[in-house]
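A short worksheet on the structure shown next.
The numbers here are math on the coordinates, done by the rules we state, and not lab data. No experiment lies behind these values; they were computed from the predicted model shown. Note that we place each Cβ from the backbone using ideal geometry, even for glycine, and neighbour counts take in every protein chain shown.
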Amino acid sequence: MEVEKRKIELEKKDNEIIYSKSIKAGKRIYYLDVKKSRNEDLFLAITESKKKVSGFEQDAQVTYEKHKIFLYKEDFNKFIEGLEDVISFIKKEQGEAVPREYPVSTDSDIVESASDDEVAGEPEVKKSFFDKFKF
């Protein structure tokens, strides 16, 4: 019984978020969570959460599809190099991206982004997590 309690306490400690940042992007939210491993090393857990609605009106059911990757500090430089490489390839092939403007939600729901035809005027450029890296 005592072993079970210790195991549960260790699991709770493993799931502790030290620092977190969320990025809302249309139907998706990206969570960047810094967590602590069992050996006290910090690592990055990246979660993509996508809202899925099935059914209509009163019968609608909302679920969230989640995908996670774990990035450890010994891989940060390689990850950033790879990310820079593929982003520069995309920019070379298709040019700079036109920033999307996402409406501000008044509640905790994710708001769908407006289509290009609906956006009037010059979109506001918003800084993201990746803006701190030079691509």
>> Tell me which trypsin sites (Lys or Arg not before Pro) from segment 38-80 have a DSSP coil assignment and no more than 13 other beta carbons within 10 Å of their own.
In response: Arg38
> Residue separation times 0.36 nm, minus the C-alpha to C-alpha distance between Thr47 and Lys21: what's the value?
Replying inline: 8.3 nm
> Glu40 to Ile80: FRET efficiency via 1/(1 + (r/R0)^6), r the Cβ-Cβ distance, R0 25 Å, to the nearest 0.05?
Replying inline: 0.60
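Work out how much length Gln61 to Lys73 would gain on full extension: take 0.36 nm times their residue separation and subtract the Cα-Cα distance, in nm to one decimal.
My answer for the length gained is 0.5 nm.
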> Is there a pair in Lys21/Lys73; Lys21/Lys51; Lys51/Lys92; Lys24/Lys92; Lys51/Lys73; Lys35/Lys66 whose C-alpha atoms are over 28 Å apart, and which pairs would that be?
Replying inline: Lys51/Lys92; Lys51/Lys73
